[in-house]
Structures are given as C-alpha cells and as structure tokens.
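Participant: Attaching a single structure in structure tokens format; questions to follow.
The values are calculated or read from the model by the stated rules, or taken from the named source; none is laboratory data. Computed from a prediction, not measured in an experiment: that's the story for all the values here. Reconstructed Cβ throughout: ideal geometry from the backbone, glycine too, with neighbour counts over all protein chains shown. Side chains are part of the model used for accessible areas, which takes the heavy atoms of the whole protein and leaves out ligands, DNA and RNA. Shrake-Rupley method; radii C 1.70, N 1.55, O 1.52, S 1.80 Å.
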Amino acid sequence: MKLSSILSRAAISAALFVSISSCSENLDSSGVCDVLCPSIGGSVQTVTIDAVLVDTTVQALSGLGTEPALLLANRGDTLDTRVVIRFDSLPQKFIPKSDTSQAILSVDSAYILLRLDTLDIKGSDVVTIEAYDVDTTANDTSTADVLALFRPDRFISSQTYARSQLADSLKYYIDNATVLSKLQNGKPLRIGLRATGSSSSQLVFFAVEGGRSPVMFFRATPDTATAPLAVVPFSRTPANESLVAQHLSDYTIIAKGPPEAPPSVLSVGGLPPRRVYVRFDIPSKIIDSSTVVRATLLLNQIPNSSLDPGDTIRVVPQVVLAGTAVTDPSKAAQIIGNISADTLKITAGHAGNVDVELANAFTLWRTQKPDTLPRAIVLKSAVEGTSPIEMRFSSSEDIATLRPRLRISYTTRVPLGLP
C-alpha cells in the first residue's frame, strides 16, 4: 500500500475521532456544532444497561520485581515491606591512579545510592534502615524463604536518618568487610533492607524498571585520588530465565500487607497490587450502526479506611487488546492499551458514585468483531505495586442498584464528512 494512502486513512480516522470527541462535550449541538456534528442535535439517545458479562479482580503485575519502584514500609500491624537488591556480579580488579590493573585487596567507603521519591515519604520522625545478607541456596524467589533471612546472624549494618536527611539521593553505607568477603570468595552480594523505628515510616525508591536503579559505590583503596567503582544491580538466577532474573535484580517483598477486599468486591491497587477486569455484552446496533457520543461505566465505590483513606490515587481505564483466544481474565488484563489521557482521581475512603468514561473504547470496538476482540476494559492504579492503597467497588454480585452499569449516549445518524 502506498504511503500516501496510509496517511490519508490515518487522517480520516483522526478527523473522525476529533469529531466524535468534540461532539461528546455537548450533546445538544443545535446551532453550535453545525460543522463538526451535522444532524446530531435532537437525535441523541441515552440508555443505561446492565451490560456486564464478567467482572472480577485479578493480580496486577506479571511477576515479582516488575514494579517500577521499591516500597520500604514499617507501619506497625498494617504494613511491613522489605527491599531486596542483588549485586551478583562484583568486580575482581581495579586500576589505581597512573597504574595497571590490580586485584582488589580492600574495600573502602562502600555505600548504596538510593533514589528516593521525596513526594511519597510518610512519617515525620527518624527512620532506621537495617541491611541483611539475604543470599541463599534455598528457593530465592520464595518470599517466605527470603523473609526468614532477616535475622540477627545475617545482619550487615544499619543507618538512621532524620526526616530532614531524606533527600532524593540517599547514601546508605554498608559494611566494607562484607563487600570484600563476597567479592574475594566469588559470592553474590544480596542486600535486604528493612525499615525500623518507634514510629511508622514509608519510603519509595526508584527501581531498575523505573529507570533510576540503586547503584553501589566503593573504593578498592583508601586513596581518595582513585575513582570509586560503581556496581549496578544484577541477578544471575533463575538460570536460563533471563527476563525473570532481570526483574529480580531489585524487588519488594511483602512481610505483611493490608487486609484484602472480600472476593465479591472489585478492588484496584493494594498490595499485592490488583486490577479490575470487566467484559461487556453491548447490543450490536449501538456499536455497529451508531455513533457513540459518550459512554460511561457507572460504579459504586465502597469506602476502604484500612490505610490512608484520604490520599488521592489515580485510576486508569485501559482497553483490553487480548483476543478471544485468551480466555483467562488474569492474562487478558496484562494485554492492554490506553483509551484516555485523563485519569480518575479518587480517595480510598470515598463512598458513592464513580463515573469512568469509555467512549474511546467504542471507537476501537467498532472496527473489531466481538468474536475477535472482546468488549473488555481494565481498571488499574497509576502507582500499582508502589502504593498500598486499595480502591473498592461493588461487583455484579451486589444488589441491583449498586452493580456496575453502562450509560451510553449515541445517535443512529453517522456523519462521515463535512457538508
């Protein structure tokens, strides 16, 4: 196909999208939208239907360590999360100033540079961060096995920070002898971080997946004229699973999470993070033979006061791109695409009606048959995996007045061009 033809089709599609979006701002278009929306005014129909075929809560992330940030939290009986950083490849040699390569015989001033999200700090008092050796020959992807290594005989070091010291670049000093022993014996250095203190604290550090990973620095000599060596997170295990190993270079483990929602309730966010999957049965006459001006998923939010009920979280609607061959909602919920630049801003403690705009999803569904692409969407938190806050909504198992419904405004007249 010629490039000019492709560009022409793209331009037509873009124009139609803009036209629909423009009309959706004002359903009564008489006299004010004559060019973009000819003949729409007065013929728009609005229906509210029980169109939900399937609604369920599924796990949000596809595996341990896939989150873009690391959550280190000590919030009493409500939340306890740890951070693991793996340095499985340590340097064996260094180059002194004006000299040749030499074996590393000493380690000086070893520290991990952590990139802290200062906007998400919780807690006003001092926080102590303890480091443990969490290298093990047991199942190193088992949360229980790794948590068992946070014990006195595995202790490496600790450092206490005042609230004023929590800057965006945080230096965490670790025991020099531990680093030297690991590199001289060809062992991986795997650091487990735990927050402690008399009061609650919660810190969010950027991870490898977030593009600003932790980095360990140390000098192989006390001579300050010699540049420090930099070591980035790296995991050698699981063997023969390079993608999984990459995710495990740094990750969060949950020692204690907030209480989960009941199975009959739809939940977004939380720890472990969850998404809501919803599949619809929409009359074909609305999708195939009409122009959808506005489409809204009507939800009833259930207040959740277990953790930070007043904090605002952004909920993002996504369209499911997985075909009918993917029948498992938990897998289909991983294959998604954006349908709106806007996000829904709500607090976990809110109760009552919540409207989610889905008009752009109908633009896609009109080009695909339902036996090819199911009419399905996903609701996810914009900070899933890095925030413990969970939003809850009534499901189709609730009473009729609280179930999810679709409100659709459409016209059977479909203008395809300008007059």
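Participant: Nothing charged except the Cβ atoms of Lys and Arg (+1) and of Asp and Glu (-1): what's the magnitude of the dipole of the chain about its Cα centre? Round to the nearest 20 debye. Spell out each step's value before the answer.
Facilitator: Working: 38 positive and 40 negative charges, 140 e Å.
The dipole of the chain has a size of about 680 debye.
Participant: Further, regarding this structure: Could you state the accessible area per residue of the chain in Å², with a 1.4 Å probe and every protein chain left in place?
Facilitator: Accessible surface, normalised per residue, equals 47 Å².
Participant: Oh, and also: Which value, in Å³ per residue, describes the convex hull spanned by the Cα atoms of the chain?
Facilitator: 211 Å³
Participant: HN-Hα J couplings of region 289-305 from phi, Karplus 6.51/-1.76/1.60, θ = phi - 60°, integer Hz, Gly and Pro as x?
Facilitator: 10, 9, 9, 7, 8, 8, 9, 10, 7, 9, 10, 10, 8, 9, x, 10, 9
Participant: Give me the number: length gained by fully extending Lys97 to Val58, i.e. 0.36 nm times residue separation minus the C-alpha to C-alpha distance, one decimal in nm.
Facilitator: Additional length available on full extension: 8.5 nm.
Participant: Roughly how tilted is helix 3-23, in degrees to the nearest 10 and between 0 and 90, from the longest Cα axis of the chain?
Facilitator: Helix 3-23 and the main axis of the chain meet at about 80 degrees.
Participant: Rounded to two decimals, what is the ratio between the C-alpha radius of gyration of region 120-170 and 2.2 N^0.38 Å?
Facilitator: Details: Rg = 14.3 Å, N = 51, 2.2 N^0.38 = 9.8 Å.
My calculation over the Cα atoms of region 120-170 gives 1.45.
Participant: Viscosity 1.567 mPa s, temperature 4 °C: Stokes-Einstein D of region 197-258 from its Kirkwood Cα radius, in µm² per second?
Facilitator: 88 µm²/s
Participant: Next question, about the same structure. Tell me, what is the FRET efficiency for Ser164 and Ser264 to the nearest 0.05, using R0 = 51 angstrom and their Cβ-Cβ distance as r?
Facilitator: 0.65
Participant: With 30 Å as the limit, write out which pairs from Lys256/Lys331; Lys93/Lys171; Lys122/Lys182; Lys285/Lys345 have Cα-Cα distances beyond it, or answer none.
Facilitator: In this structure, Lys122/Lys182; Lys285/Lys345 exceed 30 Å between Cα atoms.
Participant: Using each residue's phi in region 57-71, evaluate 6.51 cos²θ - 1.76 cosθ + 1.60 at θ = phi - 60° and report the 3J(HN,Hα) Karplus result to the nearest Hz, with x for Gly and Pro.
Facilitator: Coupling constants for region 57-71: 9, 10, 5, 7, 9, 8, x, 4, x, 8, 6, x, 8, 10, 9 Hz.
Participant: Label points 7 Å out from Cα along the Cβ direction at Thr237 and Thr46: separation in nm?
Facilitator: 6.0 nm
Participant: Turning to a different aspect of this structure: Kindly state, to the nearest 0.05, the FRET efficiency for Ser330 paired with Thr196, given R0 = 41 Å and r defined as their beta-carbon distance.
Facilitator: On the way: r = 35 Å, r/R0 = 0.86.
That pair, Ser330 with Thr196, gives E of 0.70.
Participant: What is region 143-259 by shape, rounded, prolate or oblate, if you read a ≥ b ≥ c off the alpha carbon gyration tensor as root eigenvalues and call it rounded for a/c under 1.5, prolate for a/b larger than b/c, and oblate otherwise?
Facilitator: rounded
Participant: Ok, one more. Using just the helices of the chain, give the 222 nm mean residue ellipticity in deg cm²/dmol: DSSP H runs with n ≥ 4 each add -39,500 (n - 2.57), and the total is spread over all residues, rounded to 500.
Facilitator: Details: 7 runs with 57 residues, N = 419.
Counting only the DSSP helices, I get -3500 deg cm²/dmol.
Participant: Can you list, bin by bin at 5 Å, the percent of alpha carbon pairs in region 289-340, starting at 0?
Facilitator: For region 289-340, the binned pair fractions read 4, 13, 15, 16, 19, 19, 9, 4, 1, 0 percent.
Participant: Okay, which of region 326-366 sit inside 19 Å, backbone N to the point 7 Å along the Cα-Cβ direction of Ser289?
Facilitator: The answer is 363, 365-366, whose backbone nitrogens lie closer than 19 Å to the label point.
Participant: Sticking with this structure for a sec: Quick one: which residues, 5+ away or cross-chain, put their amide H under 5 Å from the amide H of Ala69? H built at 1.01 Å from N.
Facilitator: Ala207
Participant: Compare the Cα positions of Ala359, Ile346, Leu373 along the charge dipole of region 321-375 (+1 at Cβ of Lys, Arg; -1 at Cβ of Asp, Glu; about the Cα centre) and return the one farthest towards the positive end.
Facilitator: Leu373
Participant: Same structure again: Quick one: divide the alpha-carbon radius of gyration of region 289-419 by 2.2 N^0.38 Å and tell me what you get.
Facilitator: 1.17
Participant: Can you grab the distance from the C-alpha centre of region 166-211 to the C-alpha centre of region 296-332, Å, no decimals?
Facilitator: Spelled out, the Cα-based centre of one part sits 33 Å from the other.
Participant: What FRET efficiency comes out for the pair Thr401/Ser305, r = Cβ-Cβ distance, R0 = 30 Å, nearest 0.05?
Facilitator: Rounded to the nearest 0.05, the efficiency is 0.85.
Participant: Enumerate the calculated ³J(HN,Hα) couplings along region 195-210 in order (Karplus 6.51 cos²θ - 1.76 cosθ + 1.60, θ = phi - 60°), each rounded to whole Hz, writing x wherever the residue is Gly or Pro.
Facilitator: Running phi through 6.51 cos²θ - 1.76 cosθ + 1.60 with θ = phi - 60° gives 8, 9, x, 6, 10, 5, 8, 8, 10, 10, 10, 6, 10, 3, 5, x Hz.
Participant: Related question: Build a GNM of the chain with springs between Cα atoms under 10 Å: which of Leu248, Leu406, Leu53 gets the top mean-square fluctuation?
Facilitator: Leu53
Participant: Oh, and also: Please work out how much length the chain gains when fully extended from Ala148 to Lys345, using 0.36 nm per residue of separation minus the C-alpha to C-alpha distance, in nm with one decimal.
Facilitator: Working: separation 197, 0.36 × 197 = 70.92 nm, distance 3.83 nm.
Residue separation times 0.36 nm, minus the Cα-Cα distance, leaves 67.1 nm.
Participant: With unit charges on the beta carbon (Lys/Arg positive, Asp/Glu negative), name the residue among Leu149, Tyr251, Leu72 whose Cα is farthest towards the positive pole of the charge dipole of the chain.
Facilitator: Tyr251
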